[in-house]
Amino acid sequence: MSLFIHSRSVNTKLLSPSKTIPNPPEGGPEGGPAADSVDELWDSLCRHAREHGYGIVRLNASNYKDGKPFYYTVKCNRGPRERSKAGTVRQRASSSKKIGCTWRGSLSASRYGAQGWVFKLHATDNTHTHPANDSPHQDPFNRQLTEEHLSHISDLYGTGVKAGEIHKSLEATFPGIIVTYKDVLNAIQKVKRKKAREVADQES
C-alpha cells in the first residue's frame with residue numbers, strides 16, 4: 001500500500017501561535033501509510049483530537065460503490081452554528097459548544113482498491129478558531145460512552161445502585177475513561193427509556 005505524502009499550508013492568522021491547535025498529519029494513521037479501513041484512520045484522528053484538546057465529527061458520507069461510502073467530511077465539533085430555513089444563524093444557548101469553527105478535512109479511499117484510507121486537510125479551512133480545551137472533561141467528544149459502558153450502567157442501575165456509585169464504578173472498571181456525574185445521569189435516563197420501550201413492545 002502506497003505512502004500518502006501531501007503538503008498543505010496552514011492558516012494561522014486566526015489564533016496566536018500559543019493558542020493554535022496542531023493539525024493531525026495528513027495521510028494514513030499518524031501520517032503513515034494509508035489505512036486499511038476508515039475506522040482505523042478515524043481512531044487515529046480521534047486520538048490526536050483528544051490529546052490536543054479538541055473534538056471532531058465525521059459527516060456527509062459519499063462516493064459510494066456497492067453500498068459503501070469512500071469519502072467523508074471531517075469537521076470540528078465546535079463548528080458552524082445551525083441555520084434556520086430562512087438562512088439566518090440561530091441563536092443557541094450560551095452553554096453550547098458550537099462557536100462557528102470552520103476547521104475541516106476529509107477521509108477518502110479509492111473505490112477501486114488502488115489506495116487505502118487517507119486524511120486531507122481542507123485547503124483554506126485548516127485552523128481552529130478557538131483555543132484547546134483546558135480539560136478533557138470540557139468536551140463531550142471525549143466523554144462518549146460505548147455500548148459496553150452503557151451495559152455496565154444498565155446492570156448496576158438494575159440492581160439499585162445509585163448514580164454516584166455507578167460513576168465511581170465506571171472509573172474503576174474502565175481506567176482512563178472520561179465521564180462526568182451528569183453523563184451518568186443522562187445514561188441512566190437513556191437506559192430507562194430503552195426499558196420502557198421494551199415493556200411497551202411486550203405489551204403490544
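Are there any pairs, at least 6 apart or on different chains, whose C-beta atoms fall under 8 Å, with the first in the stretch 41-66 and on the phi > 0 side of the Ramachandran plot and the second β-branched (Val, Ile, Thr) and surrounded by fewer than 19 Cβ atoms within 10 Å (Cβ to Cβ), and if so, which? That search, which allows pairs on different chains as well, returns Asn60/Thr73.
Considered as a group, the residues in the stretch 63-88 that are surrounded by fewer than 11 Cβ atoms within 10 Å (Cβ to Cβ) and either small (Gly, Ala, Ser) or outside the structural domain of Ala35 (by TED's automatic domain parsing) (or both) include one that is modelled with the lowest pLDDT, and that residue is Ser84. For beta carbons closer than 6 Å, sequence separation of 6+ or different chains, a first residue in the stretch 160-176 that is in the same structural domain as Lys192 (by TED's automatic domain parsing) and aromatic (Phe, Trp, Tyr) and a second that is modelled with pLDDT under 95 and surrounded by 14 or more Cβ atoms within 10 Å (Cβ to Cβ), there are no qualifying pairs.
The rows are residues; the columns are (1) modelled with pLDDT under 95; (2) of a type outside the set (S, T, N, Q); (3) assigned to a loop (DSSP other than H, G, I, E, B).
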| site | (1), (2), (3) |
| --- | --- |
| Asn23 | no, no, yes |
| Asp43 | yes, yes, no |
| Arg47 | yes, yes, no |
| Gly53 | yes, yes, yes |
| Ala61 | yes, yes, no |
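Checked against the criterion of being modelled with pLDDT under 85 and β-branched (Val, Ile, Thr), the stretch 192-200 contains one or more residues that satisfy it. Are any of the residues in the stretch 89-106 at pLDDT 80 or above and in contact with a helix residue (DSSP H, G or I) (Cβ under 9 Å, 6 or more places away or on another chain)? Looking for residues that are at pLDDT 80 or above and in contact with a helix residue (DSSP H, G or I) (Cβ under 9 Å, 6 or more places away or on another chain), one finds at least one in the stretch 89-106, hence yes.
For the stretch 164-184, filtered to residues that are buried (at least 17 other Cβ atoms within 10 Å of the Cβ) and at pLDDT 90 or above, the residue that is farthest from the chain's Cα centre (by Cα) is Ile166.
The values are calculated or read from the model by the stated rules, or taken from the named source; none is laboratory data. Treat the numbers as computed from the prediction; the structure is a model and nothing was measured. Heads up, the Cβs are rebuilt from the backbone with ideal geometry, glycines too, and the neighbour counts pull from every protein chain shown.
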